[in-house]
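The values are calculated or read from the model by the stated rules, or taken from the named source; none is laboratory data. No experiment lies behind these values; they were computed from the predicted model shown. Virtual Cβ from ideal backbone geometry, glycine too; neighbours counted across all protein chains shown. Accessible surface is based on the protein model in full, side chains and every heavy atom, while ligands, DNA and RNA are left aside. Shrake-Rupley method; radii C 1.70, N 1.55, O 1.52, S 1.80 Å.
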Amino acid sequence: MLQQDLEETAPPRHKLHAYIDVVVVVAVLAGTNLIAHFTTVWASIFTVPLAAVILLALVRRRGLGWSELGLSPRHWRRGSLYALGAVGLVLAVVAIGAALPITRPFFLADRYATISGALIASMIVIPLQTAIPEELAFRGVLHGTLDRVYGVRGVFATGSLLFGMWHIASSLGLTSSNHGLTGFIGGGPAGQIIGILLAVIATAAAGMVFTWLRRRSGSLLAPIALHWSLNGAGALAAAIVWQTTFA
């Protein structure tokens, strides 16, 4: 009788494997984040794209299908339509934000002080180093592994929280390089902590929107497009604001 009860309450073997997959993916992402931000310049360039490819190959061998990863050709058309809508909306919002005096200072980021630098960042660095590999890792690999274990609620909650925490390291110098944020929340250690918290909250919320697009469209095309447009259009707008303000 006891043996029967244990068999009924024990998770199936494939369920245990799914839990292991989640742990491995999260561990790889955590290690990737540390290597990318706290080692060498070359590591910061290549680590995230390389880790995304490795994770994709790993979970494919573990049995995740292309649809589970948001990479099925069957969803390309629907994903493209959502992608176009998302990009159009972001471009309109960014243009309004850069034009309004109350929000214009938040675009004054030192790293996008030149048009040429913003163009390189927007068209090369952001899509290849950030938008595509991060969406492949989070809305592709992590999404697929979490979905097998926790379902839709777990994907939204856990995936978005982890995406927010992913941006802790990249937010360490946020307030010192953004004049608008420095003026809004102040500088020093307190301002830096507040800046990190705001960045985690903002990126976790963005992760929920990316996840919604991924599930609604069935494709990674939509969240990749939205991710790129938020960062890329923001970089170009920052350069334009900087040039028109200080030129």
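Structure above, values below:
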read-out	value
Cβ pairs under 7 Å, 6+ apart, first in segment 130-149 and within 11 Å of Glu68 (Cβ to Cβ), second of a type in the set (Ser, Thr, Tyr) and surrounded by fewer than 24 Cβ atoms within 10 Å (Cβ to Cβ)	His143/Thr211; Leu146/Thr158
Leading residue by the ranking (surrounded by the most Cβ atoms within 10 Å (Cβ to Cβ)) among those in segment 208-223 that are touching a Leu at 6+ places or on another chain (Cβ under 8 Å) and in a helix (DSSP H, G or I)	Pro223
Residue match in segment 41-63 (condition: touching a strand residue (DSSP E or B) at 6+ places or on another chain (Cβ under 8 Å), within 20 Å of Ser170 (Cα to Cα) and at pLDDT below 95)	no
Residues (more than 16 Å from the chain's Cα centre (by Cα) and either closer than 11 Å to Thr130 by Cα or surrounded by 14 or more Cβ atoms within 10 Å (Cβ to Cβ) (or both)) located in segment 34-44	Ile35, Ala43
Extreme residue, least open to solvent (accessible area, probe 1.4 Å), among residues of segment 56-71 that are over 13 Å from Ala18 (Cα atoms) and in a helix (DSSP H, G or I)	Leu56
Test: residue in segment 91-106 that is open to solvent by 60 Å² or more (accessible area, probe 1.4 Å) and of a type in the set (Phe, Trp, Tyr)	yes
Considering residues of segment 34-55 that are part of a helix (DSSP H, G or I) and hydroxyl-bearing (Ser, Thr, Tyr) only, the residue nearest to Ile20 (Cα to Cα)	Thr47
Count of residues meeting criterion [open to solvent by less than 10 Å² (accessible area, probe 1.4 Å) and in contact with a Ser or Thr (Cβ under 8 Å, 6 or more places away or on another chain)] in segment 234-247	2
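Okay, residues lined up against (1) part of a loop (DSSP other than H, G, I, E, B); (2) open to solvent by 70 Å² or more (accessible area, probe 1.4 Å); (3) at pLDDT 90 or above:
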site	(1), (2), (3)
Ile120	no, yes, yes
Leu128	no, yes, yes
Pro133	no, no, yes
Gly159	no, no, yes
Leu162	no, no, yes
Ser170	no, no, no
Thr175	no, no, no
Leu181	no, no, no
